[in-house]
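To start, the structure itself, in structure tokens.
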Amino acid sequence: PASGASSHWRRGVIVHDQHLATQPAGVSLLLEVRDAKGSLVRRVQPPSANSFLRSFMRQMHAQFMSGSIKATGTSGAASYPSYLISIGGWGRDDVGNVSSGIVIGRSDAAVVGSQFRLGSLIRHGINPGSMTYNVGTAEPEVIAAGTVSGKYWRTFTNNGGSAVTAKEVGFGIGLGATHRWLAIRDITGGGGVRVGTLQSLTVTYTLRTIR
């Protein structure tokens, strides 16, 4: 998984790992670019993360009210959420899946709560401008320094023959084989993260709570 000290959390929440015991909970985002040999090229930690969208709130509502309010999916169609929602189950963030798990795009337009898809999705593939979407991975929770934390990450490989710049990151969830919703959208900032030919980009979301 991605590594490095946590910093730059929204509203100044987390500054360094040693302060976790006294800081509120939150979500952080980390992007790491590596060359073909696996050596780190650059590491980017956007100044803010956890931009939860309307779809996420309606999924939470469904946990209490059995999906009584529809949520617009990434296809643009609205459907009822379900308590059966998950991220990686049934291959939803498997190789090539661009609608569930962590996804990346080119748009740096401001995050709006009503959004239901990325501004400009980077497609899966080996053509110029695309990236290979690899399998997403989650680690078991870690209890340390007064917090409970968990990580979810996914690696994208540039086999397209030209550089690709990721400016937005999303976190998709799904139900069965057809229903997909975008729960989170964040902007990388700084003009985006450039991934050269044969380089890879690993995007990691970390969630911390107070125990």
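Any residue at all in the stretch 144-164 that's within 24 Å of Gly38 (Cβ to Cβ), at pLDDT 80 or above, touching a Gly at 6+ places or on another chain (Cβ under 8 Å) and of a type in the set (Ser, Thr, Tyr)? Yes - at least one qualifying residue is present in the stretch 144-164. Among the criteria (1) out of contact with any strand residue (DSSP E or B) (no Cβ under 7 Å at 6 or more places or on another chain); (2) at pLDDT 70 or above, the one Gly67 does not fulfil is (2). Scanning the stretch 138-165 for residues that are in contact with a Lys or Arg (Cβ under 7 Å, 6 or more places away or on another chain) and within 24 Å of Thr197 (Cβ to Cβ), we see that the one that is surrounded by the most Cβ atoms within 10 Å (Cβ to Cβ) is Thr165.
The single condition from (1) at pLDDT below 90; (2) part of a strand (DSSP E or B); (3) among the hydrophobic types (A, V, I, L, M, F, W, C) that Phe116 fails is (2). Residue-level check: of (1) at pLDDT below 75; (2) open to solvent by 50 Å² or more (accessible area, probe 1.4 Å), Gln59 misses just (2). Note on the stretch 85-113: residues that are modelled with pLDDT of 70 or more and over 17 Å from Val203 (Cα atoms) total 5.
Val111 falls short on exactly one of the conditions (1) surrounded by fewer than 14 Cβ atoms within 10 Å (Cβ to Cβ); (2) among the aliphatic types (A, V, I, L, M); (3) not in a strand (DSSP E or B), and that condition is (1). Applying the criterion of being within 16 Å of the chain's Cα centre (by Cα) and in contact (Cβ under 8 Å) with a residue 24 or more places away in the chain to the residues of the stretch 120-129, the residue that is most open to solvent (accessible area, probe 1.4 Å) is Arg123. Residues in the stretch 18-52 that are surrounded by 17 or more Cβ atoms within 10 Å (Cβ to Cβ) and modelled with pLDDT under 80: Leu20, Gln23, Ala25, Gly26, Ser48, Ala49, Asn50. Sort out which residues of the stretch 174-191 are more than 17 Å from the chain's Cα centre (by Cα) and assigned to a strand (DSSP E or B), and write them in order of number. Leu175, His179 - these are the residues of the stretch 174-191 that are more than 17 Å from the chain's Cα centre (by Cα) and assigned to a strand (DSSP E or B). Scan the stretch 171-191 for residues that are surrounded by 19 or more Cβ atoms within 10 Å (Cβ to Cβ) and modelled with pLDDT of 90 or more and the total you get is 4.
In this structure, is Phe171 in contact (Cβ under 8 Å) with a residue 60 or more places away in the chain, aromatic (Phe, Trp, Tyr) and not in a strand (DSSP E or B)? Considered against the rule, which asks whether it is in contact (Cβ under 8 Å) with a residue 60 or more places away in the chain, aromatic (Phe, Trp, Tyr) and not in a strand (DSSP E or B), Phe171 comes out as no. Just wondering, is there one or more residues in the stretch 75-84 that are open to solvent by less than 40 Å² (accessible area, probe 1.4 Å), of a type in the set (Phe, Trp, Tyr) and at pLDDT below 60? No, the stretch 75-84 has no match at all. When the stretch 135-164 is filtered for residues that are more than 23 Å from Asn97 (Cβ to Cβ), in contact (Cβ under 8 Å) with a residue 60 or more places away in the chain and assigned to a loop (DSSP other than H, G, I, E, B), the ones remaining, listed by number, are Ala145, Gly146.
Mind telling me which of the residues Thr202, Thr132, Thr197, Thr209 ends up being open to solvent by 50 Å² or more (accessible area, probe 1.4 Å), more than 21 Å from Ser55 (Cα to Cα), β-branched (Val, Ile, Thr) and not in a loop (DSSP other than H, G, I, E, B)? Talk me through it step by step, then tell me what you get.
Numbers: Thr202 fails: open to solvent by 50 Å² or more (accessible area, probe 1.4 Å); Thr132 fails: open to solvent by 50 Å² or more (accessible area, probe 1.4 Å); Thr197 fails: not in a loop (DSSP other than H, G, I, E, B).
Every option except Thr209 fails the conditions.
The values are calculated or read from the model by the stated rules, or taken from the named source; none is laboratory data. Quick caveat, the model's predicted, so the values are computed rather than measured. Ideal geometry is used to build each Cβ from the backbone, glycine not excepted, and the neighbour counts take in all protein chains shown. These accessible areas exclude ligands, DNA and RNA; they are computed on the full protein's heavy atoms, side chains included. Shrake-Rupley method; radii C 1.70, N 1.55, O 1.52, S 1.80 Å.
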